[in-house]
Amino acid sequence: MLCGVHNLTRIKVAERVRNIEYAIRDVICHTEHLLQAGRKIYYLNIGDPAAFDFSTPPHIKQALCKAVEENENHYSASEGVAELREAIAKKEKRVNGVAISADDVLVTSGISEGIEMTLAALVEKGDEILFPGPTYPPYISYAKFFGGTPVSYETIEEEGWQPSIDDLRSKVSEKTCALVITNPNNPTGALYGNKIVKQMLDIAGEHNLLVISDEIYDQISYSEDFASTAYLAKDIPVVGLNGFSKVYRMTGWRLGYIYFKGQGNQLNELKQAIEKECRIRICANTPVQKAGVAALNGPQGHIKEYVEKLRQRRDYAWKRLNEIEGISCAKPEGAFYVFPKIHEVGSRWKTDMDFVLHLLRDTGVLVVNGSGFDTVYGVGHFRAVFLPPMEMLEEAFNELERFMKKKTQKQAPKRVGYG
């Protein structure tokens, strides 16, 4: 072979990865040319409180440093450090009224790994997973990745994005293997009422469905108290997913957990399958797990202060959005997202992604297209966080308002925000 001449072999990529999407981060690639041109970007796309003025509490940082200094830098048990699993079980009882033991808990590298492991253990080709429409994108992507079919059940915008019980019931089929409940919800900020959750659990019980309950925003609510699905479930089997990113502002630390609440040996086989997955990835970060113990067992007063600051930003964002012609927004009652409707998608903008790209190009405001959270119930919307300081939020919404005034040629009928 002559120097410099190579017989290039085509590397085949597995079909299952070709269509992976994660809209929340996929939109970031569209900022590259703007950053190169020196443009200012208002990042309202990622739910990362630690990226703004919500620092990780000092006692948690100190616990991490102490763990490293004391040489807690080794592999730990694949199912998680025993002390952390015990602290998680106590937290679930204290905060959510869920009675589990440390043996019911598996520690993961963030809740995203928990979603992946759970769906990997459940989903086979042709299986259907029910999830709220719109939903957190990994539920869609991982269901497809493992050969399953994601099926969205309607949540009603005019009712604060509460699930439609009739629609949910109509979506259950003989192929359904699990029902996902995300409460408080990402991307809508909806907080599901106890009555609604109980009705969803009744459907799961009627059809012998496993319930997967994503509760990572369990302590971030602004109206009635959140009630855990596992607490309400009684004899319905529940796999709980939670983590430290949102409440304890440990986003980059990647620490989460799965717990299993069922009757007798009901969930043993599933738990054992996920334990095998834990072993092949070795373990979660050991010193971070030690810091997780401090997060759960240490001072909790910072959470109330954090939520109150978020409430003020929620109120401002909701009010501003509903004052902008061509946009309306349901009032979020949990988490830190707004999910406004764009009234001129289909006329002024072809799609919600078209809106997002035009907004970014003209103003530097980066939000996420609603269709990235569900191509049925998310279409025609966008998701934004209200995590930035008030001054930054004001600048971003001023830019959005100017953009809407400039772009809107025909006045769209103004709809009052749902509250």
Leu296 hydrophobic (A, V, I, L, M, F, W, C) and either closer than 30 Å to His381 by Cβ or in contact (Cβ under 8 Å) with a residue 60 or more places away in the chain (or both): yes
Per the filter on the range 237-254, residues crowded, with 24+ Cβ neighbours inside 10 Å, touching a Leu at 6+ places or on another chain (Cβ under 7 Å) and within 15 Å of Gln266 (Cβ to Cβ) are Val239
Condition check for Val98: more than 16 Å from Tyr257 (Cβ to Cβ), surrounded by 19 or more Cβ atoms within 10 Å (Cβ to Cβ), touching a helix residue (DSSP H, G or I) at 6+ places or on another chain (Cβ under 6 Å) and among the aliphatic types (A, V, I, L, M): no
Note: among Asp167, Asp225, just one is assigned by TED's automatic domain parsing to the domain that holds Leu122, surrounded by fewer than 19 Cβ atoms within 10 Å (Cβ to Cβ) and part of a helix (DSSP H, G or I), namely Asp167
Only one of Pro132, Pro187 is assigned to a strand (DSSP E or B), of a type outside the set (Phe, Trp, Tyr) and crowded, with 21+ Cβ neighbours inside 10 Å, namely Pro132
Counting only residues that are among the small types (Gly, Ala, Ser), within 23 Å of the chain's Cα centre (by Cα) and assigned to a helix (DSSP H, G or I), the range 88-102 contains a total of 1
Just one listed residue, out of Ile216, Ile181, Ile212, Ile156, is surrounded by fewer than 22 Cβ atoms within 10 Å (Cβ to Cβ), assigned by TED's automatic domain parsing to the domain that holds Lys93 and either touching a strand residue (DSSP E or B) at 6+ places or on another chain (Cβ under 7 Å) or free of Cβ contacts under 8 Å to residues at least 12 places away in the same chain (or both), and it is Ile156
Margin query: Looking at the structure I just gave you, is Val338 closer than 15 Å to Ala396 by Cα and touching a Gly at 6+ places or on another chain (Cβ under 7 Å)?
Written below: yes
Of the candidates Ile41, Ile24, Ile46, the one satisfying the condition of being closer than 24 Å to Trp253 by Cβ, surrounded by 12 or more Cβ atoms within 10 Å (Cβ to Cβ), out of contact with any Pro (no Cβ under 9 Å at 6 or more places or on another chain) and touching a residue at least 40 places away in the same chain (Cβ under 8 Å) is Ile46
* In this structure, does Thr251 turn out to be modelled with pLDDT of 95 or more and within 23 Å of Ala384 (Cβ to Cβ)? -> yes
Check: For the range 51-74, does any single residue satisfy the condition of being in a loop (DSSP other than H, G, I, E, B), closer than 25 Å to Ile236 by Cβ and more than 16 Å from the chain's Cα centre (by Cα)?
Finding: no
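The values are calculated or read from the model by the stated rules, or taken from the named source; none is laboratory data. What you see is a predicted model, and the numbers here were worked out from it, not measured in a lab. Please note: Cβ atoms are built from the backbone with ideal geometry, for glycine as well, and neighbour counts cover all protein chains shown.
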